[in-house]
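These notes concern the structure reproduced below.
Each reported figure results from applying straightforward, stated rules to the coordinates on display, with no laboratory input. Given the structure is predicted, the values throughout are model-derived calculations rather than measurements. Methodologically, a virtual Cβ is constructed for each residue, glycine included, from the backbone with ideal geometry; neighbour enumeration extends over all protein chains shown.
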Amino acid sequence: MQGRRKQQGVSIASMLVVAAILGVLFVIGVRLFPVYMDYYSVRSIMNEVAHSPGIGKKDYLQVWDAINTRFDINNIDDVHRDDFKMKTVGNETTITISYVVRRHLLANIDGLIIFKHSVHYEHTGSSD
């Protein structure tokens, strides 16, 4: 039979340590959740623009304006024009957005999150 000391369970100090760790993880999650929600909005917007009618006839600025207008509507402020790249090879165009988000987490600790998403679409000389 085990001694009474081994059957006591978790001490108050252990419970406080676990609660502190869970609290820190909760705060970090709350601070990073909006950043990831914005990223999924960026992906959705890029896919929407890539599949919009007439996209194959638009140049760099027109595609950026279409994307940026949707960013403004969705209040996405972390993506800038310098983060947007567009490359055309033959009849296929790739648009890429690569950006970095820095958010304060705790005390003097910041989180740096790097996002990158690319969308490919084909275009032809005929009307889309």
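Just a few scattered comments:
- A count restricted to the stretch 46-78 and to residues that are out of contact with any helix residue (DSSP H, G or I) (no Cβ under 7 Å at 6 or more places or on another chain), in contact (Cβ under 8 Å) with a residue 60 or more places away in the chain and not small (Gly, Ala, Ser) stands at 4.
- Within the stretch 58-73, the set of residues being surrounded by fewer than 13 Cβ atoms within 10 Å (Cβ to Cβ) and either of a type in the set (S, T, N, Q) or under 19 Å from Val89 (Cβ atoms) (or both) comprises Asp59, Gln62, Thr69.
- Number of the exception - Thr93 against (1) in contact (Cβ under 8 Å) with a residue 40 or more places away in the chain; (2) not in a helix (DSSP H, G or I): (1)
- Of all the listed residues (Leu112, Leu106), the sole one being of a type outside the set (Gly, Ala, Ser), within 26 Å of Gly29 (Cα to Cα) and in contact with a helix residue (DSSP H, G or I) (Cβ under 8 Å, 6 or more places away or on another chain) is Leu106.
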